[in-house]
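Novice: My structure is below; once you've seen it, I'll send some questions.
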Amino acid sequence: MTDTDEPLAYPFDGTSGLALDPRYRELRSKPGLVRVQPPYGSWAWLATRHEDVTAVLESRAFSRARAAGPDEPRVTAAPLVAGSLLSLDPPEHTPLRRAMSGWFSHKRVQVLRPGITETVDSLLDAMAAQGPPSDLMADLARPLSLSVICDVLGVPETDRPRFHEWGGTRREAMWTLSPAGLAAAGQRLQEYLTELVALRRSAPGEDLISGLLHPQHRLTEREVATLAGVILAGGYEITANRLGSFVYALLTHPGLYRRLHEEPAIVPRAVEELLRYTTLGARVRAEVAIEDVEVGGTLVRAGEAVLPARCSANRDESAFAAPDRLDLDRTPVDHVAFGRGVHYCTGAALSRLELQIGLGALVQRFPSLRLAVPAGEIGWGSAALWAPEALPVTW
Ligand code: HEM
């Protein structure tokens, strides 16, 4: 395709269950990038190959800051907010990342292991006590990830019910992608986080917010509250969606769920493959070229935007043998589920730990778990946020 062709409407709407829209495969097999028109903002180039997606995310010839604003090509209504972690380039981005890095290192998150294990065990106890059927999203995935984020941020126990409620409202607004709903839910949460930051300023604890307020980071209360909001947004829904999608994937591939029960040692490797396989959403941030740059054989001119489709990169046949097969023996799994480059997911080590503990405990505790409805009846979210809305299971 040349840059004079009409842009394709994006996101593609042919994704179904765990099958990615076939247009991605078709586009990967053709040279160059393709022009697409998302529902919001201007047109963009779409990168679909693993090599091109990683090149864009790792290149200093692209800027996130230039993408912030109403013209940002995007698949959800809310544009990137200028000045937030996700919309900063180095060097402005660097001190914010540095302030958080110690908190989310592989070593540091291991401290959270006993607490996460306890939370998982009590959620599984409640599931067992209540008896089948159960909605795995509502009974395990969402309360687990929200509780972990509350622990990290230091949300006091007494505030957690409110926090859960706002998290739920925000989640519903994300599913319906209602801009007004999202803004209202986001504002209430942000007001609460602002109060929490002020509280931690006067009475510091062992939590991330207190850590970020340390004078060495030179962050204002407002900056800390905004960072906490980004962490919440990243940590809650995305991790919950992954856990639900993982269980769906395992239960719809005969023998795989049972295999994890019999071989618990492969859970960490399986989590990597599941991250690759189930990352099907088209919610990506645009990268704007700050100079003319060639990507995958296409000249992207300064000022033009590229959408790096991680979902397609994770299913690229030139990066993964038989990419549409869920293969728990695949190793290493060079997936891009956590992004790449300067905006690589801060919470990667934490979510890996959470997913490994959650999945590992579930397969041990409920070895006979199965879907309570035919797979075709499971409702999936929008093309932007691709995950089961509810996951009815029985045992
Ligand atoms: C399986 C779960 C998760 C997945 C798949 C995931 C994925 C991602 C991806 C793809 C990005 C890059 C976004 C971009 O380039 O625009 C990102 C960034 C981010 N994630 Fe995650 N994430 C997960 C869990 C978490 C958790 C648990 C936290 C917090 C504790 C978190 C916090 C963040 C933050 C703060 C950023 C922004 C980093 C930056 O801009 O420098 N994420 N995540």
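The values are calculated or read from the model by the stated rules, or taken from the named source; none is laboratory data. This structure is a prediction, so every number in the text was calculated from the model and none was measured. Please note: Cβ atoms are built from the backbone with ideal geometry, for glycine as well, and neighbour counts cover all protein chains shown. Quick note on the areas: whole protein, heavy atoms, side chains included, nothing else; ligands and nucleic acids left out. Shrake-Rupley method; radii C 1.70, N 1.55, O 1.52, S 1.80 Å.
Novice: Quick one: work out the % antiparallel among DSSP beta bridges in the chain, nearest 5. Please list the in-between numbers first.
Specialist: Values: 17 of 22 bridges.
Once the DSSP bridges in the chain are tallied, antiparallel ones form about 75 percent.
Novice: Also: Classify segment 101-243 as rounded, prolate or oblate from the Cα gyration tensor: take a ≥ b ≥ c as the square roots of its eigenvalues, call it rounded if a/c is under 1.5, otherwise prolate when a/b beats b/c and oblate if not.
Specialist: Oblate is the answer for segment 101-243, as a/c is 1.5 or above yet b/c matches or exceeds a/b.
Novice: Would you mind checking the radius of gyration and Dmax of segment 1-54 based on alpha-carbon positions, in Å?
Specialist: 11.4, 34
Novice: Using the basic label-point model (7 angstrom from Cα toward the beta carbon), what is the Thr394 to Arg259 distance in nanometres?
Specialist: 2.7 nm
Novice: Loop sites only, by DSSP: take the trypsin sites (Lys or Arg not before Pro) in the chain that have at most 12 other C-beta atoms within 10 Å and name the longest stretch containing none of them.
Specialist: The longest uninterrupted stretch comes out as 61-217.
Novice: What's the carbon and sulfur percent of segment 94-141's accessible surface, probe 1.4 angstrom, rounded to a whole number? Could the numbers behind the result be given before it?
Specialist: Values: 1460 of 2490 Å².
Looking at segment 94-141 in its full context, I get 59 percent from C and S.
Novice: Okay, moving on. Roughly how big is segment 51-151's charge dipole about its Cα centre, with Cβ charges of +1 (Lys, Arg) and -1 (Asp, Glu), in debye to the nearest 20? Don't jump to the answer; show the numbers that get you there.
Specialist: Numbers: 10 positive and 13 negative charges, 94 e Å.
Here segment 51-151 has a charge dipole of around 440 debye.
Novice: When the helices in the chain are scored as -39500 (n - 2.57) per DSSP H run of 4 or longer and the sum is shared across all residues, what 222 nm value do you end up with, to the nearest 500 deg cm²/dmol? Display every interim value, and only then the final one.
Specialist: Working: 15 runs with 176 residues, N = 395.
The helix contribution divided over the chain gives -13500 deg cm²/dmol.
Novice: Then there's this: Pop out the ³J(HN,Hα) list for segment 296-302 in order, Karplus 6.51 cos²θ - 1.76 cosθ + 1.60 with θ = phi - 60°, rounded to Hz; leave Gly and Pro as x.
Specialist: x, x, 10, 7, 9, 7, 3
Novice: Accessible area per residue, 1.4 Å probe, Å², for the chain: what's the number? Before the final figure, lay out the partial values.
Specialist: Numbers: 16790 Å² over 395 residues.
Accessible surface, normalised per residue, equals 43 Å².
Novice: List the extent of the Cα atoms of the chain along each of their three principal axes, largest first, rounded to whole Å.
Specialist: Extents along the principal axes: 61, 54, 38 Å.
Novice: Same structure, new question: Please grab the % of Cα pairs in segment 309-395 that end up more than 19 Å from each other. Walk me through the intermediate numbers first.
Specialist: Values: 2271 of 3741 pairs.
Counting every Cα pair in segment 309-395, those more than 19 Å apart make up 61 percent.
Novice: At a 1.4 Å probe radius, carbon and sulfur cover how many percent of the accessible area of segment 197-291?
Specialist: Values: 2010 of 3740 Å².
Here carbon and sulfur together make up 54 percent of the probe-accessible area.
Novice: Give, rounded to the nearest 20 debye, the magnitude of the charge dipole that the chain has about its Cα centre when Lys and Arg contribute +1 at Cβ and Asp and Glu contribute -1 at Cβ. Mind dumping the intermediate values first?
Specialist: Numbers: 41 positive and 48 negative charges, 94 e Å.
Its charge dipole is roughly 440 debye.
Novice: Hey, another quick one. Between Gly17, Gly102, Gly244, where does the largest GNM mean-square fluctuation fall for the chain, given springs only between Cα atoms within less than 10 Å?
Specialist: Highest fluctuation among the options: Gly102.
Novice: According to the square roots a ≥ b ≥ c of the eigenvalues of the Cα gyration tensor, what is the shape class of segment 265-368, taking rounded for a/c under 1.5, prolate for a/b larger than b/c otherwise, and oblate for the remainder?
Specialist: prolate
Novice: Output the direction-averaged projected area (hull surface divided by four) of the convex hull of the alpha-carbon atoms of segment 1-111, in nm².
Specialist: Numbers: hull surface 38.6 nm².
Approximately 9.7 nm², given one-decimal rounding.
Novice: Let me ask something else about it. Got a number for carbon plus sulfur as a percent of segment 355-395's accessible area, 1.4 Å probe?
Specialist: On the way: 800 of 1470 Å².
Result for segment 355-395: 55 percent of the exposed heavy-atom area is carbon or sulfur.
Novice: Taking only Cα atoms and a 10 Å spring cutoff, compute GNM fluctuations for the chain and point out the largest among Pro70, Pro254, Pro79.
Specialist: Pro254
Novice: Okay, next question. Of the options Pro114, His93, Thr220, report the single residue whose Cα projects farthest towards the positive end of the charge dipole of the chain (beta-carbon charges: Lys, Arg +1; Asp, Glu -1).
Specialist: Checked the options; the winner is Pro114.
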